[in-house]
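Here the structure comes first, spelled out in structure tokens, and everything after it is commentary.
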Amino acid sequence: GNTEVKAGTTEFKHISTLAEFKTEIAKAQAEGKPVMLDLYADWCVACKEFANITFKDAAVQQRMSQMVLLTADVTAMNKQDEELLNAYNVLGLPTLLFVGADGQLRDDLRVTGFMAPSEFAPHLDHLLN
């Protein structure tokens with residue numbers, strides 16, 4: 001089969017546990033890629049704005065294509081969701097967590113609340129450079 005990934009693809013991989021997040025960080029580190037985790041819930045309006053506006057922006061997509069993109073749906077707020085959120089002191093949504101290519105959490109880059117493409121694209125440059 002064709003396993004080649006299109007350049008510039010910005011598909012998010014769904015994760016649901018803290019263990020899965022750590023596994024994906026380790027895989028990304030092995031590939032020398034940074035990670036972005038998008039935490040969202042169905043009731044979160046700003047999360048939908050990220051998906052529909054910011055993540056669809058060409059300049060943002062160009063940067064996102066260089067990262068491992070993960071998403072976690074924490075709508076249910078079950079035990080797994082709480083464990084993931086508590087591990088990173090996530091207090092509200094939307095929250096975007098970033099991990100450098102070295103596997104280290106970049107808490108200085110954490111995004112809480114909506115960010116427009118014009119602000120978000122240069123924000124991602126800090127992670128990539």
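A few notes on this one:
- Farthest towards the positive end of the charge dipole of the chain, among the residues 12, 113, 72, is the Cα of 12, using unit charges on the Cβ of Lys, Arg, Asp and Glu.
- Calculated log₁₀ intensity ratio I(q)/I(0) where the Debye formula runs over C-alpha points of the chain, q = 0.13, 0.15 Å⁻¹: -0.50, -0.67
- Gained length - residue 79 relative to residue 26, 0.36 nm times residue gap less alpha-carbon distance: 16.8 nm
- Placing a label point 7 Å from the Cα of residue 128 along the Cα-to-Cβ direction, the residues of region 18-46 with a backbone N closer than 16 Å are 32-37.
- Placing +1 on the Cβ of every Lys and Arg and -1 on the Cβ of every Asp and Glu, with no other charges, gives the chain a dipole of roughly 180 debye about its Cα centre.
- Membrane-span-like helices in the chain (whole DSSP H runs, Cα extent of at least 15 Å along the helix axis, mean Kyte-Doolittle hydropathy of at least -0.5): 18-31, 117-128.
Every number here is computed from the coordinates shown, using simple stated rules; none is lab data. As the structure is a computational prediction, the values presented were derived from the model and not from experiment. FYI the Cβ positions are ideal-geometry reconstructions off the backbone, even for glycines, and counts take in every protein chain you see.
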